[in-house]
Amino acid sequence: MAEPSSGHTRTAGYEADPAEVRRVLLLYSGGLDTSVMLKWIQDSYGAEVACLTVNLGQPGEDYAAIEDKAKRLGAVECHVVDARERFGRDFLVPAIKANALYGGGYPLFTALGRPLIAELAVERARRSGYDTIAHGCTGKGNDQVRIEATVATLAPELRTIAPVRSWQMGREEELAYAREHGIPVKGGTEVAPYSIDDNLWGRSSEGRWIEDLEHPPEDDVFQLVTRPEEAPDEAEVVTVEFEAGVPVGLNGERRGLVDLLERAAEIGSRHGVGIVDQIEDRIVGLKVRDIYEAPAAAIVLTAHQELERLVGTIHQNQLKPGLDQKWGYLVYAGLWWEPLRADLDAYMDAANAQVTGTIGLKLYKGGVRVVTRSSPNAVYDADLASFAESNELFSQAASPGFIELWSLQSRMAYRIRQRGEEGG
Ligand code: ARG
């Protein structure tokens, strides 16, 4: 058999040996890169290629068209899996309980989606006897780490190939290859499109002018969220109800998670909420600028965090953000399967057992502000907080004694330092 012209030599044990690639499962989006890959793998490896396309709630995606395109480009089969429920239950719920954000503003939708996509690929490959999983990530980003770490962890017997990382095609060459092989290219070919990734939990754009840090966002990048300056002049209050940390209702109506998040995204989008323009430290050394649109996350995470603080004690509330940050970093960094994440989840579940109640948020021209809170578990007593007469839990008469001991060490140290200054 002819050696593939990828010019690639294996570095890691999980990478495919070209001579042994027979049946490939390609993670297929229907875009230019993965469509070129679909042909290119057949040609250069002489391998059979099947496609897997995962629905994680990408708005407006036409899955029938993707399946059709895959078949026309020679895929032996194309599986489209609706994994929205599983994504919500197994990935977004833990993320909500951990108030998961990376770099202060990115709700991790891509980082949460990749391990599930790779896990589904592993399941499919095992069931249908594929030996190799192919994906379209480049060598510069985080997604290659998330996908390959997942495959290598869950299925040591499987191999991966990442043609975009190893072939030396630029965009022009890819377009030429596409033309030559009858691969339809949607849209104009003059301007490279933004690099988009999206699902139920948000949407990211990279590339083009976004790489120029001095360039303010151009209007056309916002395809999900209304630009705040164009949002309605009337504010809207939305309420989110939680049970044990899981969102279960919106505006007083009980909803399943997927439905609730889709609805929250719609309301948030209308009011321009969830836009983040962020410079991020990638796992792979480089920094990157992303434009995020995450309206559902802006609503649900803001509400969750508020409710959690209301039901937590000062000690719990001081500890949790550090654990949240650790959780978010592990997930960002492609280590979804790391046991520490499961250990942290056990704490998140324990803390969230109390997170039941309803938060009201006011949405207005890009802003989300908490306006109402209620919970049966609130560590808050309106009588205690007021200057009412003392009751059995708290006597105001005891306060001076508390203050004397509370400030004791600070007062002693202050005095000693002063004496030192006077003596010197
Ligand atoms: N910077 C984000 C992350 O690393 C978003 C990546 C989006 N991925 C993409 N292929 N466009 O999770």
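The values are calculated or read from the model by the stated rules, or taken from the named source; none is laboratory data. This one's a predicted model, so the numbers in the text were calculated from it and none came from an experiment. So basically every Cβ, Gly included, is an ideal-geometry build from the backbone, and we count neighbours across all protein chains shown. Ligands, DNA and RNA are excluded from the accessible area calculation, which covers all protein heavy atoms including side chains. Shrake-Rupley method; radii C 1.70, N 1.55, O 1.52, S 1.80 Å.
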Using label points projected 7 Å from each Cα along Cα→Cβ, tell me how many nm separate Arg89 and Ser407, to one decimal.
5.6
Using a simple spin-label model with points 7 Å from Cα along the Cα→Cβ vector, what separation in nm is obtained for Arg282 and Glu421?
5.1
What is the distance in Å between the Cα centroid of segment 73-145 and that of segment 185-263?
19
Could you give the length gained on full extension between Glu253 and Tyr329, defined as 0.36 nm per residue of separation minus the Cα-Cα distance, in nm?
24.0 nm
Calculated Rg and Dmax of segment 80-132 using C-alpha coordinates, Å:
13.4, 42
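Could you compute the longest span of the chain free of GluC sites (Glu not before Pro) located in DSSP loops and having at most 15 other Cβ atoms within 10 Å, not counting the site residues?
Values: sites that count: Glu77, Glu157, Glu190, Glu214, Glu218, Glu234, Glu389, Glu392.
Answer from the scan: 235-388.
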For labels at Glu229 and Trp209 in the simple 7 Å Cα→Cβ model, what's the distance in nm?
1.2
Using only C-alpha atoms and all pairs of different ones, pull out the Kirkwood radius for segment 147-286 in Å with one decimal.
19.4
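With all pairs of different alpha carbon atoms counted, what Kirkwood hydrodynamic radius in Å does segment 115-227 show?
Values: mean 1/r = 0.0596 Å⁻¹.
After inverting the mean inverse Cα-Cα distance, the result is 16.8 Å.
With r defined as the distance between the Cβ atoms of Asp62 and Ala244 and R0 fixed at 51 Å, what FRET efficiency is calculated, to the nearest 0.05? Each step should come with its number before you reach the end.
Numbers: r = 37 Å, r/R0 = 0.72.
After rounding to 0.05, the efficiency reads 0.90.
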Looking at the chain, do any whole DSSP H helices span at least 27 angstrom along their long axis by alpha carbon and average -0.5 or above on Kyte-Doolittle, and which?
109-128
Out of the DSSP beta bridges found with both residues in the chain, what percent are antiparallel (nearest 5)?
70
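For the pair Ile314 and Ser166, what calculated FRET efficiency results from E = 1/(1 + (r/R0)^6), where r is the Cβ-Cβ distance and R0 = 45 Å, to the nearest 0.05?
On the way: r = 53 Å, r/R0 = 1.18.
Result of the calculation: an efficiency of 0.25.
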By what distance, in whole Å, do the Cα atoms of segment 127-181 stretch along each of the three principal axes, largest value first?
37, 27, 13
Can you list the equivalent-ellipsoid semi-axes of segment 268-336, largest first and in whole Å, using the square root of 5 times each Cα gyration tensor eigenvalue?
24, 21, 9
Determine, for the chain, the count of lysine pairs separated by eight or more sequence positions (or lying on different chains) whose alpha-carbon distance falls under 26 Å.
14
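What does the accessible area per residue of the chain come to in Å², with a 1.4 Å probe and no ligands, DNA or RNA counted?
Details: 20930 Å² over 424 residues.
Solvent-accessible surface per residue comes out at 49 Å².
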List the trypsin sites (Lys or Arg not before Pro) within segment 74-151 that fall in a DSSP loop (any state other than H, G, I, E or B) and whose Cβ has at most 15 other Cβ atoms within 10 Å.
Lys140
Compactness index (Cα Rg / 2.2 N^0.38 Å), the chain
1.19
At q = 0.09, 0.17 1/Å the base-10 log of I(q)/I(0) from the Debye formula over the alpha-carbon atoms of segment 1-160 is -0.30, -1.04
